[in-house]
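To start, the structure itself, in structure tokens.
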Amino acid sequence: MADNINISLEYRTSWGENLVLSSGGRLFPMGTHDGVTWAVSVPRKDLDPDGTFSFRVVRDGLTTRSEWGSHKLESERETTVRSFWKDVPEDLPFRSKVFTLAVGPCSPEWKGAGTSVPVFSLRSKDDFGIGEFNDIPLLVDWAVATGQSMIQILPIHDTTMTGTWMDSYPYNANSVFALHPQYLHLPGAGVRKTARYLALQKELNALPAVDYERVNKEKTALLRKTFSRTGASVRAGKDYQEFYEANSFWLKPYAAFCALRDHFGTADYSKWGPFATYDRDKVDSYCAEHDEEIGFYCLEQFFLEKQLKEAVDYAHSKGVAVKGDLPIGISPTSADAWVSPELFNLAFQAGAPPDAFAKDGQNWGFPTYNWDKMAEDGFAWWRARLGKMSGTFDAFRIDHILGFFRIWEIPAGVRSGLLGHFYPALPYSSKELTGMGFDLTTGAFRNGDQWAPGFDEDKAKEVLFVEDPSRRDFFHPRIQGCDTTAYFLLPDRLKRVYDNLHEDFFYHRHDAFWKSRALERLPAIVGSTSMLACGEDLGMIPRCVPEVMQEMKLLSLEIQRMPKALGALFADTSAYPRLSVCATGTHDTSTLRAWWEEDPEASQTFWSEVLGRKGRAPGTLAPELCKEILELHLKSPSLFAIFPIQDWLSCDEELRFPGPPEEERINVPANPRHYWRYRMHLDLEDLCSRGEFNSFLRDLVRRCGRGK
């Protein structure tokens with residue numbers, strides 16, 4: 001077998017461009033004699049172990065174009081490969097599972113409608129105080145009755161860390177693979193409907209909101225009792241054995257994580273003594289010694305996956321697609337971080353810069369990704385993660401897609417997002433800054449300062465620059481540095497210098513750099529799945545983000561009250577891009593009715609400028625106005641119009657929430673201690689029986705050119 005593989009392709013480059021082959025986390029420069037045929041000889045041992053590789057176009061060391069997906073050697077004996085460039089298919093969205101498996105083939109002009117709602121917010125007569133996977137078929141029935149083609153949910157992963165209501169946050173999972181036991185329909189897992197069960201079910205189901213702690217405590221107790229009786233026989237069955245074999249790579253470490261969390265009373269694995277550092281052999285021995293406990297957690301996942309797949313299969317049988325959610329972060333106290341700490345920057349926290357919703361920025365507490373390490377095996381962790389999602393979902397929302405370009409990184413131990421910095425970034429050297437006249441001895445926050453005795457974070461925020469954590473004596477301008485004491489003390493000349501530097505750094509300097517990073521990651525990751533990919537691209541978005549999303553045929557997210565055009569108060573729904581999802585709001589915003597009431601000035605402007613009405617805007621949003629706003633969105637060019645279920649229901653005086661509209665809000669992003677417990681006030685059975693309302697929605701959807 002030859003030691004080298006000769007790989008070539010034809011690609012016509014422009015002046016200054018070069019081609020490189022990417023495989024196994026390494027780049028191999030290619031050569032050409034005519035600017036068209038490019039070739040490289042690669043040592044077989046340096047290729048990715050599975051034989052995959054891809055090509056990139058680079059200019060000045062930065063990736064300017066990447067292939068869609070990758071190539072793979074056909075055999076181990078192959079020595080010469082003549083390849084070809086893989087472009088993103090123009091009709092990529094219509095090749096996704098949404099259309100090949102759920103909705104069915106559609107014309108390029110087709111548009112659909114859908115509903116977004118967290119699973120925990122669903123309500124049916126068979127629930128146990130919280131929405132369950134068993135409720136999805138009822139939601140599908142309502143979607144069909146109203147002419148909709150998609151249902152969208154929030155993350156459904158296990159978040160059990162403390163056993164308290166603080167675990168209700170669905171974006172802080174203890175595993176990116178495991179499903180949350182709270183969504184399990186107990187009778188479907190063998191729990192008997194005793195008199196006590198029925199009484200408890202009735203009590204919990206009557207609550208206006210989710211009692212997270214009690215629901216999970218009672219469900220776990222009932223499952224443990226049931227599995228002690230039935231677990232052995234289920235685990236011996238063929239279905240369970242096949243499930244375990246297919247999922248053991250994550251299932252066994254996850255089950256061990258849960259058992260050790262329970263044993264030590266904390267999910268902080270650094271406090272687990274001999275198990276603080278993951279060791280496969282040691283964990284295997286622990287699992288063998290605690291087989292019943294490990295089996296319990298594996299059985300939960302077996303029944304959860306079974307019920308979820310049955311629900312999604314039902315959706316497909318009705319022509320409805322199911323859209324999941326891909327959180328940008330992972331918990332620092334998760335099975336993922338425990339098993340593969342090298343993939344994450346655990347000394348830092350991800351967050352967001354200050355904006356209109358959080359003047360101090362946001363600190364999500366998640367570690368950032370070690371992208372260089374992840375690239376070494378072709379982003380295998382990401383591909384496995386999406387592979388698991390693809391077993392269920394037809395589409396997915398990429399939470400904070402900007403994180404694939406850059407992330408806002410905050411040192412561990414610091415609360416405020418104001419002391420964060422972009423990662424990766426192109427910071428200024430101390431020599432450059434001192435040459436401009438800045439004094440870094442008093443005007444900079446240095447990496448490690450947060451561990452100094454007497455560290456005062458509020459005082460530390462009053463600086464002009466933040467040191468880069470990986471490059472000593474290189475500095476980032478502190479975001480909104482013009483609000484600091486240090487800026488106030490600058491002479492006018494240096495204030496102007498700082499203003500220009502700040503503007504360049506945050507809005508111009510990194511465009512090509514971040515685009516290059518995204519093109520090195522997203523094609524390999526998103527290209528590994530047949531799910532329809534939709535990016536959450538709201539907020540402070542650099543120009544390179546929409547450029548890459550358009551190149552890769554990724555759907556954008558359009559929210560009318562969060563316009564992307566500079567200086568606009570509201571977006572023009574008629575001008576939305578075709579490849580987009582338009583929505584009236586998200587789980588992070590208030591509902592239409594609540595927004596209208598909480599910001600009278602904005603609602604007055606909307607009344608006058610968007611709806612074209614005269615006089616004073618009404619103080620509340622009547623059903624007729626809700627219908628009018630939904631119609632604006634349904635008529636947009638967007639491929640999908642997906643509305644929160646609260647906004648659909650607001651169109652009917654009888655069905656809309658009877659209490660204060662703000663009580664329908666799912667999340668308040670500025671509050672890191674928010675309790676995620678919103679639950680529909682109507683049973684899905686009741687909603688499905690409302691023939692007149694459902695017919696009205698179906699006619700509205702069809703009149704606006706959506707659905708089949």
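Results, tabulated for the structure shown:
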{"item": "Qualifying residue in the range 308-328 (condition: in contact with an Asp or Glu (Cβ under 8 Å, 6 or more places away or on another chain), modelled with pLDDT of 95 or more and either among the polar types (S, T, N, Q) or not assigned by TED's automatic domain parsing to the domain that holds residue 156 (or both))", "result": "no"}
{"item": "Residue 570, sole failed condition from (1) part of a loop (DSSP other than H, G, I, E, B); (2) touching a Leu at 6+ places or on another chain (Cβ under 8 Å)", "result": "(2)"}
{"item": "When residues of the range 25-39 are limited to those that are touching a strand residue (DSSP E or B) at 6+ places or on another chain (Cβ under 8 Å) and in a loop (DSSP other than H, G, I, E, B), the one surrounded by the most Cβ atoms within 10 Å (Cβ to Cβ)", "result": "30"}
{"item": "The range 403-434, residues that are within 16 Å of residue 480 (Cβ to Cβ) and of a type in the set (Phe, Trp, Tyr)", "result": "408, 422"}
{"item": "Residues that are more than 15 Å from residue 375 (Cβ to Cβ) and either surrounded by 16 or more Cβ atoms within 10 Å (Cβ to Cβ) or modelled with pLDDT of 95 or more (or both), drawn from the range 42-54", "result": "42, 51"}
{"item": "Candidate set from the range 59-82 (those that are touching a residue at least 24 places away in the same chain (Cβ under 8 Å) and closer than 30 Å to residue 108 by Cα); member that is surrounded by the most Cβ atoms within 10 Å (Cβ to Cβ)", "result": "66"}
{"item": "Residues (among the charged types (D, E, K, R) and under 30 Å from residue 191 (Cα atoms)) located in the range 256-283", "result": "261, 262"}
{"item": "Count of the range 623-665 residues which are surrounded by 15 or more Cβ atoms within 10 Å (Cβ to Cβ) and part of a loop (DSSP other than H, G, I, E, B)", "result": "12"}
{"item": "Residue 56 vs. criteria more than 32 Å from the chain's Cα centre (by Cα), more than 30 Å from residue 633 (Cβ to Cβ) and not hydrophobic (A, V, I, L, M, F, W, C)", "result": "no"}
{"item": "Hits in the range 8-24 - residues which are closer than 30 Å to residue 426 by Cα and either under 29 Å from the mean Cα position of the chain (by Cα) or surrounded by 15 or more Cβ atoms within 10 Å (Cβ to Cβ) (or both)", "result": "13, 17, 18, 19, 20, 21, 22, 23, 24"}
{"item": "Meets criteria (modelled with pLDDT of 95 or more, closer than 19 Å to residue 407 by Cβ, buried (at least 19 other Cβ atoms within 10 Å of the Cβ) and in contact with a Ser or Thr (Cβ under 8 Å, 6 or more places away or on another chain)) for residue 532", "result": "no"}
{"item": "Which numbered condition residue 238 fails, given (1) free of Cβ contacts under 8 Å to residues at least 60 places away in the same chain; (2) within 20 Å of residue 161 (Cα to Cα)", "result": "(2)"}
{"item": "Helices (runs of 4 or more DSSP H) (entirely within the range 363-475) containing at least 2 residues that are assigned by TED's automatic domain parsing to the domain that holds residue 323, at pLDDT 90 or above and closer than 22 Å to residue 334 by Cα", "result": "none"}
{"item": "Subset of the range 328-362 (residues that are surrounded by fewer than 23 Cβ atoms within 10 Å (Cβ to Cβ) and assigned to a helix (DSSP H, G or I))", "result": "337, 339, 341, 342, 343"}
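The values are calculated or read from the model by the stated rules, or taken from the named source; none is laboratory data. In this text the structure is predicted, and so the values were computed from the model without any measurement. With ideal geometry, Cβ positions are generated from the backbone for all residues, glycine too; neighbour counts draw on all protein chains shown.
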